[in-house]
Amino acid sequence: MDALFSAEASLASLLAAAFLAATLIPMSSEAALFAVLRLHDQLFWPALGVATIGNTLGGFTSYLIGRYFGAKKPLAHVDRVRRAGAPALLLAWLPLVGDAICVAAGWLKLNWAQVIVYQAIGRFARYYLVAQGALI
């Protein structure tokens, strides 16, 4: 039973939850991060990093879908993302619209490196606030 809740298993589960939550699968990666930190408060920075990386990679998957498999006609949020550019990805963590922002960024073929950086910044900021709450 201890192996089920080990630090390594917790981080692996967090990575999977964070990745899947950034796709169209309705999951709460925040709850997974909160749970990991309640069990393993010494994992603050590793858990924050794992959650950010997993969620950013999940969002980048949506970007790739938009870039290579996008529709012929403009998608939802394309005009907003076109106006804001890559900084729009700071909001990629938002429920419901975040996925559309990522897909729209791919459809617009925004610079992939900027997309990753802006996504990671926004997602890290959200997870940092959640992590702080877990330690209270």
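Bear in mind these aren't lab numbers, they're just calculated from the coordinates by the rules spelled out. Keep in mind the model is a prediction, meaning the values are calculated, not measured. All Cβ positions, glycine included, derive from the backbone under ideal geometry; neighbour counts span all protein chains shown.
What to note about this one:
- Taking N as its residue count, the alpha carbon Rg of segment 89-136 over 2.2 N^0.38 Å: 1.28
- Which of Val81, Val117, Gln132, positive extreme of dipole for segment 3-134 (C-beta unit charges): Val81
- Among [x] 20, 17, 13; [y] 24, 19, 14; [z] 30, 14, 11, the entry derived from the coordinates for semi-axes √(5λ) of the Cα gyration tensor in Å: [z]
- Rough spin-label spacing in nm, given labels placed 7 Å along Cα→Cβ, for Lys73 and Ile136: 4.6 nm
- Charging the Cβ of each Asp and Glu at -1 and of each Lys and Arg at +1, and nothing else, the dipole of segment 4-128 about its Cα centre rounds to 620 debye.
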